[in-house]
Amino acid sequence: MPELPEVETVARGLQASLPGRRILKVRLGKTDFMDDPAAIEHDLPGSRVSGVRRYGKFLLVDLELPNGNARNFSLQIHLGMTGRIVTCPPEAPILPHTHAFLALDDGRELRYTDPRRFGRIRILEGREKEKVLKEFGLDPTEATGEEFADKIRERRARIKALLLDQRVVRGMGNIYTDESLWRARIHPMRLGASLKDEELNKLYRAVRDVLKEAIRLRGSSVSDYVDSEGLPGEFQKRHRVYQRQGKKCFRCDAKIRRVIVAGRSSYFCPTCQRAPRTARRPRR
């Protein structure tokens, strides 16, 4: 599933070409993953794109109406596991499972394709928009080290689960959580409250460095992900633990292991990332 770097890459690509463009027409295919498709068909034509940004793992296409209309709203897009959104000329071949076509005033189309339809598209505005966005935690690319540490140290959940919890840190997923924990030498089953200040600082820096590098390399293409131009990312070539079970650690040559944390596969080095001590049973 696309995570922060992939969604940021798509957002930057769309931000470079969409603002100022007016949506002329909307054509929809299957709509079972859309909230109120009738509103999408009715409200989008005539609106102008004022900006495109990432919020956690979501894309927000900010829209405004011309002629002094004060209504400002956003199209919220979650790419799910197989979603992709690209701009292309209208004569470009239509990929199977393309479910949304937005005709733009410069002759291009914005197309959304999703074979498994695990994504989500809906219109957000007003109080509903504020309520939805407030549900998410801090953005690791914007938060300070102290803000990050405060979010982690006050919870006794596993650190892997905390980083995946969008109410704590928004945008992180399985790939970048595993890679960050490996760089910080922290086992995924450690409790957030058990981490010392030095460890929290290392984790904060590791998360920032991993995300920054992944964004520079335009994300990880391990499944269906492509950017707004239909091109794959390259960070998968830099993975050090993710999906490397049984292979040698790049630091110490120990074999990478896999464990389930919070219902998700977690890859780690048993030597570099020491497992937490389990409480001993009292003797009879």
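Tabulated values for the structure
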{"item": "Unique residue being touching a strand residue (DSSP E or B) at 6+ places or on another chain (Cβ under 7 Å), among the hydroxyl-bearing types (Ser, Thr, Tyr) and either under 30 Å from Arg153 (Cβ atoms) or not assigned by TED's automatic domain parsing to the domain that holds Ile152 (or both) when the list is Ser194, Ser228, Ser265", "result": "Ser265"}
{"item": "Test set (1) within 18 Å of Ile215 (Cα to Cα); (2) in contact with a strand residue (DSSP E or B) (Cβ under 6 Å, 6 or more places away or on another chain) - Asp35 fails condition number", "result": "(1)"}
{"item": "Residue in segment 47-67 that is basic (Lys, Arg), out of contact with any Asp or Glu (no Cβ under 6 Å at 6 or more places or on another chain) and crowded, with 19+ Cβ neighbours inside 10 Å present", "result": "yes"}
{"item": "Single unsatisfied condition, Asp227 versus (1) among the acidic types (Asp, Glu); (2) out of contact with any Lys or Arg (no Cβ under 9 Å at 6 or more places or on another chain); (3) in a loop (DSSP other than H, G, I, E, B)", "result": "(2)"}
{"item": "Sole residue being on the phi > 0 side of the Ramachandran plot and either more than 18 Å from the chain's Cα centre (by Cα) or surrounded by 14 or more Cβ atoms within 10 Å (Cβ to Cβ) (or both), chosen from Ala262, Ala254, Ala214", "result": "Ala262"}
{"item": "Identity of the residue in segment 151-186, under 13 Å from Pro276 (Cβ atoms) and crowded, with 22+ Cβ neighbours inside 10 Å, that ends up farthest from the chain's Cα centre (by Cα)", "result": "Ile186"}
{"item": "Options Val222, Val241: the member that is over 30 Å from Pro93 (Cα atoms) and among the hydrophobic types (A, V, I, L, M, F, W, C)", "result": "Val241"}
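The values are calculated or read from the model by the stated rules, or taken from the named source; none is laboratory data. In this text the structure is predicted, and so the values were computed from the model without any measurement. Here the Cβ is made from the backbone with ideal geometry for all residues, glycine too, and neighbour counts use every protein chain on show.
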